[in-house]
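> Got a structure here, written out as structure tokens. Questions coming.
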């Protein structure tokens, strides 16, 4: 596994550490986008059946970041990819995405989709490096200037 992430596992988004990661994610989004431009899931929404919430931890078991995979019919959706600022640039986001994609493959999903923001340059670059390609809105999303839709065929 790249960088400081030594362990990635499914965890409870309602735990204190899960909530802290999601609060960090929300704060990072607010640096670039207004609340009506963000389509995030709350910790309670991420705790629903069919959603797996992954947490990356370092060797000392400190949480470094998170990502969620929503398991839909034959497709998955990535939500809430976030890495703490002090852990960025060390491969944590890539390791989290690898864990989510591996889980999706094991679940038999054919494609993974996501909605992100074009102002989130590092995230967009990561997704492109991992083989995600731009597409139009999917599911309940509508076209919006603050949204960029991507997918990867598994």
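> Residues to consider are 17, 45; find the one that is touching a strand residue (DSSP E or B) at 6+ places or on another chain (Cβ under 8 Å), free of Cβ contacts under 8 Å to residues at least 24 places away in the same chain and surrounded by 14 or more Cβ atoms within 10 Å (Cβ to Cβ).
It is 45.
> Now for a separate question. Residue by residue through segment 135-154, note down the ones that are loosely packed, with under 13 Cβ neighbours inside 10 Å, in contact with a strand residue (DSSP E or B) (Cβ under 7 Å, 6 or more places away or on another chain) and not in a strand (DSSP E or B).
Correct list: 136 only.
> Considering segment 43-71 alone, what residues qualify as being under 17 Å from residue 93 (Cα atoms) and part of a loop (DSSP other than H, G, I, E, B)?
58, 59, 61, 62
> Of all residues in segment 85-120, how many are touching a helix residue (DSSP H, G or I) at 6+ places or on another chain (Cβ under 6 Å) and farther than 18 Å from residue 42 by Cα? Even if it seems obvious, please write down each step before you answer.
Going residue by residue through segment 85-120, those that are touching a helix residue (DSSP H, G or I) at 6+ places or on another chain (Cβ under 6 Å) are 93, 112, 116.
From the residues that got through so far, the ones that are farther than 18 Å from residue 42 by Cα too are 93, 112.
Residues that pass the stated criteria total 2.
> Of 102, 110, 121, which residue is free of Cβ contacts under 8 Å to residues at least 12 places away in the same chain and over 20 Å from residue 55 (Cα atoms)?
121
Rule-based calculations on the coordinates, nothing more; no lab input. The structure presented is a predicted model; accordingly, all values stated were derived computationally and were not measured. Positions of Cβ are generated from backbone atoms using ideal geometry, with glycine treated the same way; all protein chains shown enter the neighbour counts.
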